[in-house]
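Beneath this line is the structure, given in structure tokens, with notes to follow.
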Amino acid sequence: MATQEISTENNETVADNVDKPTESSAVTVIEKQVQRRIFKIIVIGDSNVGKTCLTFRFCSGKFPEKTEATIGVDFREKTLTVDSELIKLQLWDTAGQERFRKSMVQHYYRNVHAVVFVYDVTKMSTFDSLPQWIDECDRHNLNIHIPRILVGNKCDMLDKIVISTNLAQKFADAHNMPLFETSAKDDGRANHVDAIFMTLAHKLKNSKPMMPVHMAQDQGRLPGNVQVVSLDWNRDRYRSADRGQSHQKEGCAC
Amino acid sequence: MSSGESPVDKQDNVRPNNLNLSTPKSPTVASRRQKVAKIRLALINKPVDISALKQLAISKDGLVSDELRKRAWPKLLDVDVDNIPPKPEPEILQGHRDYNQVVLDVNRSLKRFPPGMEENLRMSLQDQLVDVIMRVLVHRPELHYYQGYHDICVTFLLVVGEDMAFALVDKLSQNHLRDFMDDNMDRTKHMLNYLYPIIGKSSPDLREFMEIAEAGNIFCLSWLITWYGHVLNDIRQIIRFYDFFIACHQLMPIYLAAAIVLYRKKAVLATECEMCFVHSLLSKIPDDLPFEKLVSQAGDLFIQFPPKTLADEAMMIFEKSKAAAKMQRRAIAKRVTKGRFSTILPNGGSVIVSVTVWTLVAAVTAGVYAVWKSNDWGWFS
Ligand SMILES: Nc1nc2c(ncn2[C@@H]2O[C@H](COP(=O)(O)OP(=O)(O)OP(=O)(O)O)[C@@H](O)[C@H]2O)c(=O)[nH]1
Ligand SMILES: [Mg+2]
């Protein structure tokens, strides 16, 4: 049941290891010595744009059947291999309602390595509030060189789209961000959601981070839903998968 | 629900569980019967014996069945169920500024309904849920909707039906829930600031660990503002907590949060001393915690460290600028943390002293209606 998945996914990433027998297999021992870089990504945008669905899709490979309004901040993570380096993306899925934005989530802006702005392509108001979200980031003194990306979600609802790619692209250009239009729901585009985060992972990996990047000693607990994915990604293929809808701006600040 | 049958009440019929079948007089069944009798007695009294009801709501298994809750909750909240204001016209409900957000949240509340419930019934309950929420908001223009309020309302709806749910939540929204319903969350945030002082009094090392990890307190935000409705999977457990919270001080959910964190101390200390690990460990509540024990520990914590004794410290946290000093301290401390905590602290004893339910009732409810409103826990203007 989807609910179960949502409710247990976090536990997996940080298992209650006290009650578990200590790992003993040789494989685990080797894992323990792997150093990984950890990148912290915050996902923001209005309520109901699909932040929870997108992060869930990326981390668990599925569209959640039953999402709930996010209260506060939820945490998800996924480990990837980028150019044969293991890196871990930590996604902080925040609550969209304004009252939470204003007083609750500041704590989670600290030390982030990237920001994902999400709007709903079927709802103009969510696009209109993007400047506020950008202000919010600026207010938290996020370094301007931190990668930021813009994601238009719910592209599967073809006949309801009200924000044209053109309009969104202009906005993205003006703010020096790459734009991605996608759908957390459409299984056909699921790869696309992966590709978005892969792109980010790639940028992060190759960037000289302005913030200290955490190094984690992986304790050998590779949770069930944290896939170790080998990144077989190349720009051209990705672009074509994109059907020309998104476009990556060269010289973007990351 | 007009039928009077609550869609979630599975415990109305006292029936022995399988394990106890061989024992003719199962202690659970007997004590449950006894409790039912006590609750009925308290309700029959004229006037209703509120203080006995509170004790019964707090003590093991709370008010036992939804049939009894329907009668006891209004008494505990001093709600006149015979004079519930009628429902306004749909246009009025739909014209409210928070209507759209409410609908979005109720649409995403499937998890709150018992699994296996018929879809038609669920959809009609979801419509009623929107109405319950909107009725309160329309009735009290000064209140602001917050995401999570729907988690509270759905619990009442499932137990007592639409009209009474409205009346009860309307009352609660002026008391226990009032501070969540400003146009901002400053007061909610301040309530959360009580968490670390309570934990610290009981287990200084755990507090220190969590502070060094910068775990924050947002992991229990939903616990507080939904009375655990958002985070627990079992509706029966949620309803039992509601008995407890209705009978207690508005900060009790924070004391329960502290009890839960303290209970999981070993697991916390065993995680990496990093915000994300501690946050994600604590933000979910395992299904198999000994909830009755935790309820009574929350009460014990409340007696030992009542809100007033923590107010100054909570205020300090509120005012403290978190930045530089902490970062520095963290950088230094982090290097030594892991080893230090795991070697020194396994027996770092928690000091929770047990008190009786009666003492607790006396402490948490003394003049409670008078103090709810007046922020007796040290909020400033
Ligand atoms: N058609 C369609 N629906 C989607 C998509 N992504 C999310 N949704 C739906 O949109 C609603 C909101 O999704 P959430 O992920 O909960 O939204 P959120 O941004 O996390 O909202 P908050 O937690 O309130 O800030 C849910 O009902 C989802 O089922 C999508 O790609 N396509
Ligand atoms: Mg969400």
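A few remarks follow.
- Looking across B:R207, B:R187, B:R178, one residue alone is within 14 Å of B:T226 (Cα to Cα) and open to solvent by 20 Å² or more (accessible area, probe 1.4 Å). It is B:R178.
- Within region B:38-71, the residues that satisfy the criterion of being among the hydrophobic types (A, V, I, L, M, F, W, C) and without any contact (Cβ under 8 Å) to a residue 40 or more places away in the chain are B:I39, B:L41, B:A42, B:L43, B:I44, B:V48, B:I50, B:A52, B:L56, B:L68.
- Hits in region A:108-125 (condition: more than 11 Å from ligand 1 (Cβ to nearest atom) and open to solvent by 40 Å² or more (accessible area, probe 1.4 Å)): A:R110, A:M124, A:S125
- Subset of region B:220-244 (residues that are assigned to a loop (DSSP other than H, G, I, E, B), open to solvent by 10 Å² or more (accessible area, probe 1.4 Å) and more than 9 Å from chain A (Cβ to nearest Cβ)): B:D234
- Residue within region B:87-107 that is within 14 Å of chain A (Cβ to nearest Cβ), more than 26 Å from A:E98 (Cβ to Cβ) and open to solvent by less than 20 Å² (accessible area, probe 1.4 Å) present: no
- Looking across region B:120-169, the residues that are among the small types (G, A, S) and either within 14 Å of chain A (Cβ to nearest Cβ) or part of a loop (DSSP other than H, G, I, E, B) (or both) come down to B:G148, B:G161.
- Members of region A:172-191 that are part of a helix (DSSP H, G or I) and either in contact with a Cys (Cβ under 9 Å, 6 or more places away or on another chain) or surrounded by fewer than 19 Cβ atoms within 10 Å (Cβ to Cβ) (or both): A:D173, A:A174, A:D187, A:G188, A:R189, A:A190, A:N191
- Summed over region A:101-125, residues that are within 13 Å of chain B (Cβ to nearest Cβ), at pLDDT below 95 and in contact with a helix residue (DSSP H, G or I) (Cβ under 8 Å, 6 or more places away or on another chain) total 8.
- Test: residue in region A:82-95 that is open to solvent by less than 10 Å² (accessible area, probe 1.4 Å), part of a loop (DSSP other than H, G, I, E, B), touching a residue at least 40 places away in the same chain (Cβ under 8 Å) and near ligand 2 (Cβ under 9 Å from one of its atoms): yes
- Test: residue in region A:76-95 that is facing chain B (nearest Cβ under 7 Å), of a type in the set (A, V, I, L, M, F, W, C) and within 12 Å of ligand 1 (Cβ to nearest atom): yes
The values are calculated or read from the model by the stated rules, or taken from the named source; none is laboratory data. From a predicted model like this one, the values you see are computed outputs, not experimental measurements. Positions of Cβ are generated from backbone atoms using ideal geometry, with glycine treated the same way; all protein chains shown enter the neighbour counts. Heads up: the accessible areas ignore ligands, DNA and RNA and are worked out on the full protein's heavy atoms, side chains in. Shrake-Rupley method; radii C 1.70, N 1.55, O 1.52, S 1.80 Å.
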